[in-house]
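K.L.:
First the structure, which I've put down as structure tokens, then a few questions once you've had a look.
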Amino acid sequence: MNHFDLREGALACESVSLAAIARAVGTPVYVYSSATLERHYQVFRDALTAHPALGSPAIAYAVKANSNLSVLATLARLGAGADTVSQGEIRRALAAGIPPERIVFSGVGKTSEELAFALKAGVAQINVESEPELKRLTGVARAVGVRPAVVIRVNPDVGAGGHAKISTGGHESKFGVSLAEAERLYRLAETDDALNAVGLACHIGSQITDLAPLEAAFGVMRDLVLRLRAQGWTVERLDLGGGLGVSYFNNPEPPSPRAFAAMAASVVGGLDVELAFEPGRVIAANAGVLVARVIHVHERPDGRRFAVLDAAMNDLIRPAMYEAYHDIRPVAPRPGAAVSYDVVGPVCETGDTFTRDRLLAPLEGDDLVAFMSAGAYGAVMSSEYNTRPLIPEVLVRGDAFAVVRARPSYEEMLSRETRAPWL
Ligand SMILES: *Cc1c(COP(=O)(O)O)cnc(C)c1O
């Protein structure tokens, strides 16, 4: 469920019309709904806590899905932790008020500088993804004088996800270590007095719309916990990652958080571990839209119609990168039969095509359209390609809205560069 609905014939976010935001802030613009973010977090949390066998799991929101400080602060107030993959994300989570003891540091390539920063900041847990990383962490831990809680990221060899580029659990992927390797690394970590080995983690992919691969992966993790315990090690934490898919309006209804939690309870319930989950997309995707203006509609003699927008692939790369589908809704739909459009941006690449042959209510120049489900992996993946300014982000709460990332001026953009002294 989300809070983007037609009100008096025009699309609104909670009680604020998208047209009013476009007038005040300009387009393109990302618009997020506080009520939707909160609801998604609460539904996910309540689904898990409904199962006493799951204990009180930690929910570390995957910051990379949408890392705007106000989005993080909205979730922080509800008690969310953060799953981070860079020093920058740790800094964001801290700045948004997420306490370090609720921050997890993941990722296949953490530098020594990043690890040192994380240890000094006192993050809760380092998810180690390889033997070289374990060795690096030992060195950093000794140098900093902090004994970090370490979790080994396992690759359970169950790939899943909405696209090859976002599947992370197959044995050929760069993430985590094999089961045999995990046992060996756990032993290394347990016997290293610079480290505090506390458990295991996995994350098999993103936009997963079927519980079966998740269930298989969780089963592999449960068995590994039992195997390590049989060898005499303590395993206190099990971090089961994120990946639960969302509705993009063209896919079958994904499993509900309730069904996900019931499955988790049946597989890892009663295992006597502190569980953690790292949802990203399922919290943020349907809590945001990208609002763009139609620059003009260009009709070819062969009948192909292009709706050329002021938003482009640099603002929302998912269609170009993952062949992703986004529902596109005119903000104030015109009456009349639906018309087929290729919806494109102004960037000089054929890849800058959001969709082809999409039936939409008739569009004219200056109309506004909204890309639905753009709250996750939208603004965070944007760039300034074609020297297009990063687009602003707006957070709505009830009948109020705030610009939570401003559009930079061209002067600001150019001032970050200098001419080399010999030029
Ligand atoms: C990306 C990522 C997540 C979040 O994935 P979603 O599909 O957005 O839920 C969680 N954990 C790790 C380690 C990740 O890399």
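K.L.:
Out of the DSSP beta bridges found with both residues in the chain, what percent are antiparallel (nearest 5)? Present the calculation step by step, with values, prior to reporting the outcome.
P.N.:
Values: 33 of 66 bridges.
Antiparallel: roughly 50 percent of the beta bridges in the chain.
K.L.:
Pick from G162, G270, G176: which is most flexible by mean-square fluctuation in a GNM of the chain where alpha carbon atoms under 10 Å apart are linked?
P.N.:
Among G162, G270, G176, the largest mean-square fluctuation in the Gaussian network model of the chain belongs to G270.
K.L.:
If you don't mind, another one. Specify which residue in the list S178, V71, F260 is farthest towards the positive end of the charge dipole of the range 34-281, using unit charges on the beta carbon of Lys, Arg (+1) and Asp, Glu (-1), about the Cα centre.
P.N.:
Result: V71.
K.L.:
Mind checking the range 134-226 for GluC sites (Glu not before Pro) that DSSP puts in a loop (not H, G, I, E or B) and that have at most 13 other Cβ atoms within 10 Å? Kindly include the intermediate steps, with their values, before the conclusion.
P.N.:
On the way: sites: E172, E181, E183, E190, E215; in loops: E172.
Sparse-neighbourhood loop GluC sites (Glu not before Pro): E172.
K.L.:
Any idea of the accessible area per residue across the range 182-277, 1.4 Å probe, to the nearest Å²? Let's see the in-between values first.
P.N.:
Working: 3590 Å² over 96 residues.
About 37 Å² of surface per residue is accessible.
K.L.:
Okay, moving on. For the range 126-196, which trypsin sites (Lys or Arg not before Pro) are in a loop by DSSP, counting at most 12 other Cβ atoms within 10 Å? Numbers along the way, then the final one.
P.N.:
Details: sites: K135, R136, R142, R153, K165, K174, R184, R187; in loops: K174.
Passing both the DSSP loop test and the Cβ count: K174.
K.L.:
Can you give the FRET efficiency to the nearest 0.05 for S409 and L78, using r as the Cβ-Cβ distance and R₀ = 45 Å?
P.N.:
Details: r = 35 Å, r/R0 = 0.77.
E(calc), rounded to 0.05, equals 0.85.
K.L.:
Cut-off under 13 Å on the C-alpha distance; same-chain residues fewer than 8 positions from K64 excluded. Which aspartates and glutamates are left, in chain and number order?
P.N.:
Straight-line reach from K64, under 13 Å: D83, E89, E278.
K.L.:
With θ taken as phi - 60° and the coefficients 6.51, -1.76 and 1.60, list the Karplus ³J(HN,Hα) couplings across the range 73-81 in order, rounded to whole Hz; mark glycine and proline as x.
P.N.:
5, 4, 6, 4, 4, 8, x, 5, x
K.L.:
When the accessible area of the chain is split by element with a 1.4 Å probe, what percent falls to carbon and sulfur? Please list the in-between numbers first.
P.N.:
Working: 9220 of 17710 Å².
Exposed carbon and sulfur together represent 52 percent of the surface.
K.L.:
Run the numbers on the range 34-281 and let me know its relative contact order in percent, using alpha-carbon pairs under 8 Å that are six or more apart. Walk me through the numbers before you get to the answer.
P.N.:
Numbers: 511 pairs, mean separation 51.6, N = 248.
Here the relative contact order equals 21 percent.
K.L.:
Pop the C-beta distance of H296 and V108 into the FRET formula with R0 = 41 Å and round what comes out to the nearest 0.05. Kindly include the intermediate steps, with their values, before the conclusion.
P.N.:
Numbers: r = 44 Å, r/R0 = 1.08.
Efficiency, rounded to the nearest 0.05: 0.40.
K.L.:
Subtract the Cα-Cα distance of T234 and Y385 from 0.36 nm times their separation in residues, and report this length gain in nm to one decimal.
P.N.:
Details: separation 151, 0.36 × 151 = 54.36 nm, distance 4.94 nm.
Here the segment from T234 to Y385 would lengthen by 49.4 nm.
K.L.:
GluC sites (Glu not before Pro), restricted to the range 1-102: which are DSSP loop and have at most 11 other Cβ atoms within 10 Å? Could you put the intermediate results ahead of the total?
P.N.:
Values: sites: E8, E14, E38, E89, E101; in loops: E8, E14.
Answer in residue order: E8.
K.L.:
Further, regarding this structure: Can you give me the long-range amide H partners of V339? Hydrogens built in the peptide plane at 1.01 Å from N, cutoff under 5 Å, separation of 5 or more residues or another chain.
P.N.:
It is L360, A361, by chain and number.
K.L.:
A follow-up question, please. Which of the listed residues, A337, V282, Y410, is farthest toward the dipole's positive end in the chain, when Lys, Arg count +1 and Asp, Glu count -1 at the beta-carbon?
P.N.:
Highest projection toward the positive end goes to Y410.
K.L.:
Modelled label-to-label distance, R334 and M321, 7 Å Cα→beta-carbon offset: nm?
P.N.:
3.4 nm
The values are calculated or read from the model by the stated rules, or taken from the named source; none is laboratory data. Keep in mind the model is a prediction, meaning the values are calculated, not measured. Cβ atoms come from the backbone with ideal geometry, glycine included; neighbour counts cover every protein chain shown. The area values use the complete protein model at the heavy-atom level, side chains included, leaving out ligands, DNA and RNA. Shrake-Rupley method; radii C 1.70, N 1.55, O 1.52, S 1.80 Å.
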